[in-house]
Protein chains: 2
Amino acid sequence: MADSHQTGSAAPLAERLRARGLRLTTQRQRVLAAVAALDHATPEAIGARLREEAGPGGAAPDASTVYRNLELLERLGLVWHTHLGKGAPVYHAAEHPHLHVVCQGCGEIASADPALLDTAAERLATDLGFQLDVGHVALSGTCRTCRDRAGDEKP
Amino acid sequence: MADSHQTGSAAPLAERLRARGLRLTTQRQRVLAAVAALDHATPEAIGARLREEAGPGGAAPDASTVYRNLELLERLGLVWHTHLGKGAPVYHAAEHPHLHVVCQGCGEIASADPALLDTAAERLATDLGFQLDVGHVALSGTCRTCRDRAGDEKP
DNA sequence: CTCGTTGCAAAGGATTTGCACAAGT
DNA sequence: ACTTGTGCAAATCCTTTGCAACGAG
């Protein structure tokens, strides 16, 4: 009894599906599992992962199914996605909200404490009435490694 | 006399091109002008704009040319681009750095004071050695209007 | 048994790339 | 003239959609 909450993050997929008259399928469970396991994976990467897991003879979900289910899982509040720049978005389990920090140099993705933006969020709310959605934010910049490496740019 | 700076934003394109042995073409001037005029425009929108400006018989640059020049202009430091979520990136003149704030509901793009992230930038630098690139950051969330409108979601 | 789901294949939109010709210096 | 830029068309990449067969409740 700690589950009758609203945004209960532990609701095991099945319940959320039931509540909407939707069905619990193998594919859905797999996609969700893959998202949780990979963290920060693109739909394509998730598909690849599932293909691996399925092995040679195994049946992995089709790309379209992956897309459809990612969308559904997001509506169910079980996963989130973020656009980290050009190309495909990345998905992660919705459990622990965190900021995404992406290095433009190497593409590395780091997570950061959402509290980092508390001040900014407050000011946005006050000044513009804008409610910041921390889970979807992606901060870009340069990581230490790439920063050092950048010393050899100009000839 | 305020121009012999390094990141001089006023350097009229021509100079920057010269400095690299590149050529000043009509298309380049047009693309840059369109970016400045539209602010927050996608490559497609920029192309459309140029087509309008050119009129029926006029010759507007091909889409590929727009892309190529946007990339070039960015390398020259004259424009910046940001990914505001799914889909096309938006470009704006590099002159005045600003944050982008995007409403997930209506797609509206607002600009905010870069200083908003000063605290966060500092902490990222200290904690992770990560240099935040404020010009490329896009903050997503919900604007006041869409927030109010959201009251009618559940049936 | 009845509908939600899935796989397949084809459609689409947004970029990118190869090339021969046009244009800037 | 020499080299860079551009248009065009084809190629990619990522995602979405239509439809008939499949499977969960």
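The values are calculated or read from the model by the stated rules, or taken from the named source; none is laboratory data. In this text, all values refer to a predicted model and were calculated from it rather than measured experimentally. Here Cβ is always computed from backbone atoms with ideal geometry, including for glycine, and neighbour counts include all displayed protein chains. Quick note on the areas: whole protein, heavy atoms, side chains included, nothing else; ligands and nucleic acids left out. Shrake-Rupley method; radii C 1.70, N 1.55, O 1.52, S 1.80 Å.
For segment B:104-149, the candidate set comprises residues that are of a type in the set (D, E, K, R) and assigned to a loop (DSSP other than H, G, I, E, B); within that set, the residue that is nearest to the other protein chains (Cβ to nearest Cβ) is B:ASP133. Scanning segment B:85-107 for residues that are of a type outside the set (D, E, K, R) and open to solvent by 30 Å² or more (accessible area, probe 1.4 Å), we see that the one that is farthest from B:GLY141 (Cα to Cα) is B:HIS96. Being among the β-branched types (Val, Ile, Thr), open to solvent by 50 Å² or more (accessible area, probe 1.4 Å) and either assigned to a helix (DSSP H, G or I) or in contact with a strand residue (DSSP E or B) (Cβ under 6 Å, 6 or more places away or on another chain) (or both) is a condition met by no residue of segment B:27-48.
The rows are residues; the columns are (1) farther than 26 Å from B:ARG144 by Cα; (2) within 14 Å of the chain's Cα centre (by Cα); (3) in contact (Cβ under 8 Å) with a residue 60 or more places away in the chain.
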{"position": "A:VAL79", "(1), (2), (3)": "no, yes, no"}
{"position": "A:PRO97", "(1), (2), (3)": "no, yes, no"}
{"position": "A:SER111", "(1), (2), (3)": "yes, yes, no"}
{"position": "A:ALA120", "(1), (2), (3)": "no, no, no"}
{"position": "A:THR126", "(1), (2), (3)": "no, no, no"}
{"position": "A:GLY129", "(1), (2), (3)": "no, no, no"}
{"position": "A:VAL134", "(1), (2), (3)": "no, yes, no"}
{"position": "A:ARG144", "(1), (2), (3)": "yes, no, no"}
{"position": "A:ARG147", "(1), (2), (3)": "yes, no, no"}
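Of the residues in segment A:56-68, not one is under 13 Å from the mean Cα position of the chain (by Cα) and either more than 13 Å from DNA strand C (Cβ to nearest atom) or farther than 14 Å from A:VAL31 by Cβ (or both). Filtering segment A:83-91 for residues that are free of Cβ contacts under 8 Å to residues at least 12 places away in the same chain and outside any strand (DSSP E or B) leaves a non-empty set. Would segment A:70-81 turn up any residue that is assigned to a helix (DSSP H, G or I), at pLDDT 85 or above and open to solvent by 80 Å² or more (accessible area, probe 1.4 Å)? Taking every residue of segment A:70-81 in turn, at least one turns out to be assigned to a helix (DSSP H, G or I), at pLDDT 85 or above and open to solvent by 80 Å² or more (accessible area, probe 1.4 Å). Taking segment B:49-61 as the range and being away from DNA strand D (no atom under 11 Å from the Cβ) and open to solvent by 40 Å² or more (accessible area, probe 1.4 Å) as the test, the residues that pass are B:ARG49, B:GLU52, B:GLU53, B:PRO56, B:GLY57. Within the option set A:GLY77, A:GLY85, being more than 16 Å from DNA strand D (Cβ to nearest atom) and in the same structural domain as A:GLU44 (by the TED database) holds for one residue only, A:GLY77.
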